[in-house]
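Each remark here refers to the structure printed beneath this line.
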Amino acid sequence: MNFATVGTGWITESFIKAAKLSGQMKLVGVYSRSEAKARELANTYQAVNSYTDLEQMAKSSEIQAVYIASPNSLHFKQAITFLKHKKHVICEKPIFSTSAELEEAYRVAEENGVYLFEAIRNIHTPNFRILKEKLSMAGKVRSTILSYIQYSSRYDLFLKGEEPNIFSAKFSGGALVDLGVYPLYLAVGLFGEPKKVSYHPVILRSGVDGGGTLVLEYEDFVSTILCSKISHSSLPCEIHGEKGTFVLENAAPISEITYIDSHSKEKQDIGVELEEQDMVYECENIARIIETKDDETYQELKNWSRIVLRITEEARRQNQIVFAVEQ
């Protein structure tokens, strides 16, 4: 499947490398507002074409799919452009700013016979599947602590008075939508939609959250999600059941999973070693869904994206975090 990219950051390069490793996707074009950056990226990864015009790129008959990794607030408009030109779209998390944008994009995708995916690497890994399959080992789940706390170098710029995209309401930034979606996807993928949501953030001068605690209330337990871009932690993720506990080294990638029996205290490693380019699994799965028209898996992924976005919207609403696209 021939694909092109929008964005020239490190995440785009990681996706390009993973796509090549998958053997399922071939890079044929790159886009940047900067002609020099577009050419440089194209030359680095042997892409035939570079673009500074999205419409021109969308019209290319060579391109079947597009990976979007631009600032969050630009995702929707760019995705619609490609969907209307019958290109499959893989949009980096957070897929869009609002549920209204998501539903409109799904409508346009269906209308044009193409797929729309949120690029969220952890749920496509073998270790996520293993965890989901073996979850019953722990018995009745009673609580979880799921975290992604990673200090951002861009916070240094913020402290100096600048406003990087990821800390800006203008570009739909903030810790929950940028990092919190990883542990949030774990919760939604494993347990479904919660009954109630509450978010307790650290609000920055720009009006978005630098970090926070998200509480998801389920029927018999509470899932606590910790996220931050203004501090750092090596805290693992844990899922606590009546029979045992799962310990995940990270929310993304899920590099290691250990099961600890509540009675014997015996530890069992149940995860597998992942590829260094762990985005390869989402590349493989997305390519497979498109090629085989696996509607069952596609609908499941769509449902998870809907739930995650509803939760982040509600969390922002509770704390008057308003993105520019909503004004």
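The values are calculated or read from the model by the stated rules, or taken from the named source; none is laboratory data. This is a predicted model, so every value here is computed, not measured. Methodologically, a virtual Cβ is constructed for each residue, glycine included, from the backbone with ideal geometry; neighbour enumeration extends over all protein chains shown. SASA here: full protein model, heavy atoms, side chains in, ligands and nucleic acids out. Shrake-Rupley method; radii C 1.70, N 1.55, O 1.52, S 1.80 Å.
Tabulated data for the structure shown
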item	result
Residue satisfying all of: in the stretch 230-249; open to solvent by 50 Å² or more (accessible area, probe 1.4 Å) and without any contact (Cβ under 8 Å) to a residue 24 or more places away in the chain; nearest to the chain's Cα centre (by Cα) among these	GLU249
Cβ pairs under 9 Å, 6+ apart, first in the stretch 127-150 and under 23 Å from GLY212 (Cβ atoms), second of a type in the set (S, T, N, Q) and open to solvent by 80 Å² or more (accessible area, probe 1.4 Å)	ILE149/SER234
Residue satisfying condition, being touching a His at 6+ places or on another chain (Cβ under 7 Å), touching a residue at least 60 places away in the same chain (Cβ under 8 Å), within 26 Å of GLY173 (Cβ to Cβ) and crowded, with 17+ Cβ neighbours inside 10 Å, within set ILE90, ILE95	ILE95
Subset of the stretch 99-136 [of a type in the set (A, V, I, L, M) and farther than 13 Å from GLY189 by Cα]	ALA100, LEU102, ALA105, VAL108, ALA109, VAL114, LEU116, ALA119
Filter result for ASP220 (more than 25 Å from HIS124 (Cβ to Cβ) and open to solvent by 30 Å² or more (accessible area, probe 1.4 Å))	yes
Single condition TYR106 does not satisfy, out of (1) free of Cβ contacts under 8 Å to residues at least 24 places away in the same chain; (2) open to solvent by less than 30 Å² (accessible area, probe 1.4 Å)	(1)
Looking only at the stretch 289-309, and only at residues there that are under 12 Å from LEU184 (Cβ atoms) and not aliphatic (A, V, I, L, M), the one that is surrounded by the fewest Cβ atoms within 10 Å (Cβ to Cβ)	TRP304
Residue within the stretch 9-27 that is closer than 23 Å to SER153 by Cβ and of a type in the set (Phe, Trp, Tyr) present	yes
Check on GLU273, farther than 30 Å from VAL114 by Cα and loosely packed, with under 15 Cβ neighbours inside 10 Å	yes
Matching helices (runs of 4 or more DSSP H) fully within the stretch 1-69 where at least 3 residues are crowded, with 21+ Cβ neighbours inside 10 Å, of a type outside the set (D, E, K, R) and without any contact (Cβ under 8 Å) to a residue 40 or more places away in the chain	35-44
Qualifying residue in the stretch 262-277 (condition: modelled with pLDDT of 95 or more and under 25 Å from SER97 (Cβ atoms))	no
Selection from the stretch 52-97 of residues that are β-branched (Val, Ile, Thr) and under 20 Å from GLY113 (Cβ atoms)	ILE63, VAL66, ILE68, ILE80, THR81, VAL89, ILE90, ILE95
Subset of the stretch 310-327 [touching a helix residue (DSSP H, G or I) at 6+ places or on another chain (Cβ under 8 Å) and either more than 24 Å from GLY210 (Cβ to Cβ) or open to solvent by 10 Å² or more (accessible area, probe 1.4 Å) (or both)]	ARG310, GLU313, ARG316, VAL322, ALA324, VAL325
